[in-house]
Amino acid sequence: MSFSHPANESISLASPSFPADMNGAQTAARMDVLFRGLLLAQLLGGAPDVEEDSENAEQQQGGSAGPSMPVPVAMQQPNLAGAPPMPTPQIFPQPAVQPGLSPCPSPSSGQPSFPPPSAPANPEPPRPPSPTPSDVAQGNLTWRVFTAPLYRRLGEALYDSPDSLPEPATGNVGYLKLDGYGARDTVECMCALTRFLCDHRWEAQGVDAFIAAQKPQPHWPAKLRDQSHGEHVKYAWMLMNGLLAVIGLKPYLEPAPPPTFAGVVARIYPALPSGVAQPARFWFTARELVEEDFIIQPTTNMLDHLKLAGNVVSVYVLATEQASLLMGYKRNKAAKAIGMTNLGNEILYSYGALVEGEFHENYRLPISLGIFKIDEERVRRGQYDDLTVVTGIIRMFHNDREADKQPQLLASRVLEIEDALRKRRHWYNRLRRDINKRKKTEPWMFWGAVLAVFFGVCTVIQTVTSVWSLVVSLGG
């Protein structure tokens, strides 16, 4: 092994000692040059001879790894006082490097370099933890975080907008989650049902056809795998509940559900009998119904609006959320696909007639009847109160002169209420109703009036009898 000095002097390390005839000064100078050369070699990263020795050592070990790190050389510092024999340089072996994973590849070795692995450009966010039934029932933060991307996807599929999903639709997902159906599977099935309804005409929207198409899919609930066909049908109609943003399809599915999804519309809103004219508009008010002894029953089921049972009329409760749902119902793809797209507008038009004239009393009657739901906390949160929002929407629809306000879906219910009003306004029915009302509210006055009539009749009879007796006596 040899090193080159800047003064072009060559120093050989072939022998373990220097020649005997070398004097002390020359020996010290040469050792100083040797020491500087070794330091320079260490700083420059090693000499070619050392690399060759290292490669030979790795080849003897049977490795085929890439180029190794520079090998340090250990050498004792010479003593200038004497001239001890120089030791042979010791080479410390490096650990073997795995093939193809050279930590510091050399450009001259021809070994390809591998950059360190980097993170993907758009890593998928980790899935939030699955909520427990307690989280779902309480609607806490865990459930809201878990369902936020699911509701965004369902809103885009049903309304073409991720922020338009109404509360009844989200509540249906939570209800099915508590019933043992996964939220992800439920949302996927609701999106699939929306596409199915939009792609088929009314007569082709078969419930069995939809179930047969979805059973092989991975998102169809595993809970239904060993269940009867009736359970699959029941689940399909629960999905329809959420898409229509209603909570009461079940009463209209008895005793047996219709074979098509569009067939339920005829059960909820039956067509008018042949030869019966369709009503031109909504005209009766809530005050008229109350004065004729109808009972107005508030309901949270949109499908029961203006439904008459005896003398009870169901009226859909309005708040800010419900009014917004009705305004955007025409954008509901599922409702449009089965022929219910105009339901929201008809309910708002009917409200324009129900509360007509109540503005002068600040809508006291609708609030007392419970058909306006007022949330006092909205004002404290800095929002418009429910009364301002709801009445503003009703006036906007009521004052729209270009809109078609003729009842379509609600036509049969409007005619039924109008017929009941005409019957109750007949003089005999009104007299009997007033008598019964007076008997319940003022019994003393009622029985006093009965006695007065009785004694009045007795007096008339007595007078007639007396006059007749007088006539008979005079004639005799």
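The values are calculated or read from the model by the stated rules, or taken from the named source; none is laboratory data. Since the model is a prediction, treat every value here as computed from it, not as a measurement. All Cβ positions, glycine included, derive from the backbone under ideal geometry; neighbour counts span all protein chains shown. These accessible areas exclude ligands, DNA and RNA; they are computed on the full protein's heavy atoms, side chains included. Shrake-Rupley method; radii C 1.70, N 1.55, O 1.52, S 1.80 Å.
Give me the tail of P(r) for the stretch 132-245 as a percent: Cα-Cα pairs with distance above 19 Å.
Considering the stretch 132-245, 44 percent of its Cα-Cα pairs are separated by more than 19 Å.
How much net charge surrounds Lys223 when only other residues with a Cβ under 10 Å from its Cβ are counted (Lys, Arg +1; Asp, Glu -1)?
Once positives and negatives cancel, what remains is -3.
How large is the accessible surface per residue of the stretch 376-476, computed with a 1.4 Å probe and reported in Å² as a whole number?
78
Please report the equivalent ellipsoid semi-axes of the stretch 197-254, computed as sqrt(5 x eigenvalue) of the Cα gyration tensor, largest first, in whole Å.
19, 16, 11
Rounded, prolate or oblate: which fits the stretch 393-433, taking a ≥ b ≥ c as square roots of the Cα gyration tensor eigenvalues, rounded meaning a/c under 1.5, else prolate when a/b beats b/c?
Here the stretch 393-433 falls in the prolate category.
Could you please state, rounded to a whole Å, how far the C-alpha centre of the stretch 359-436 is from the C-alpha centre of the stretch 284-331?
7
Tell me which GluC sites (Glu not before Pro) from the stretch 352-454 have a DSSP coil assignment and no more than 10 other beta carbons within 10 Å of their own.
Listed in order of number, the matching sites are Glu376, Glu402.
Could you order the peptides 445-452, 368-375 from most to least packed, using the average number of other C-beta atoms within 10 Å per residue?
Top of the packing list down: 368-375, 445-452.
Check each of the trypsin sites (Lys or Arg not before Pro) in the stretch 273-327 and keep only those in coil by DSSP with at most 16 other C-beta atoms within 10 angstrom; list them in order.
Answer by residue number: Arg281.
Can you check how the C-alpha radius of gyration of the stretch 175-300 compares to 2.2 N^0.38 Å, as a plain ratio?
Here the Cα radius of gyration is 1.35 times the empirical estimate.
How large is the accessible surface of Thr132 in square angstrom, using a 1.4 angstrom probe and rounding to the nearest 10?
Roughly 70 Å² of Thr132 is accessible to a 1.4 Å probe.
Need one word for the stretch 318-436: rounded, prolate or oblate. Basis is the Cα gyration tensor (sqrt eigenvalues a ≥ b ≥ c); a/c below 1.5 gives rounded, then a/b vs b/c decides.
Oblate is the answer for the stretch 318-436, as a/c is 1.5 or above yet b/c matches or exceeds a/b.
Binning every alpha carbon pair distance of the stretch 226-294 at 10 Å from zero, what are the percents per bin?
The calculated distribution, bin by bin, is 15, 33, 27, 19, 6, 1.
Leu431 versus Asp404, label points 7 Å from Cα toward the beta carbon: distance in nm?
Distance between label points: 4.6 nm.
Could you give the distance between the Cα centres of the stretch 157-183 and the stretch 223-274, to the whole Å?
Distance between centres, Cα-based: 17 Å.
Within 10 Å of each candidate Cβ there may be at most 10 other Cβ atoms; applying that plus a DSSP loop requirement, which trypsin sites (Lys or Arg not before Pro) in the stretch 379-476 survive?
Loop-located and lightly packed - Arg381, Arg401.
Please report the net charge: other residues with Cβ closer than 12 Å to the Cβ of Thr299, K and R +1, D and E -1.
+1
In whole Hz, with x marking every Gly and Pro, tabulate ³J(HN,Hα) for the stretch 391-398 from phi via Karplus 6.51 cos²θ - 1.76 cosθ + 1.60, θ = phi - 60°.
Calculated HN-Hα couplings, in order: 5, x, 5, 5, 5, 4, 6, 5 Hz.
Using the per-residue mean of other Cβ atoms lying within 10 Å as a proxy for protection, in what order, highest first, do the peptides 272-279, 241-248 fall?
Final packing ranking: 241-248, 272-279.
Let me make sure I get this right: for the stretch 308-382, a, b and c are the square roots of the gyration tensor eigenvalues over alpha carbons, sorted descending. Under 1.5 in a/c it's rounded, otherwise prolate if a/b > b/c, else oblate. Which is it?
Judged from the Cα gyration tensor, the stretch 308-382 comes out oblate (a/c at least 1.5, b/c at or above a/b).
Please list the non-local residues whose amide H lies under 5 Å from the amide H of Lys373, H modeled 1.01 Å from N, same-chain partners needing a gap of 5 or more.
Leu318, Ala319
In terms of solvent-accessible area of protein heavy atoms at a 1.4 angstrom probe, what is the ranking of Val173, Val233, highest value first?
Highest to lowest solvent-accessible surface, that is Val233, Val173.
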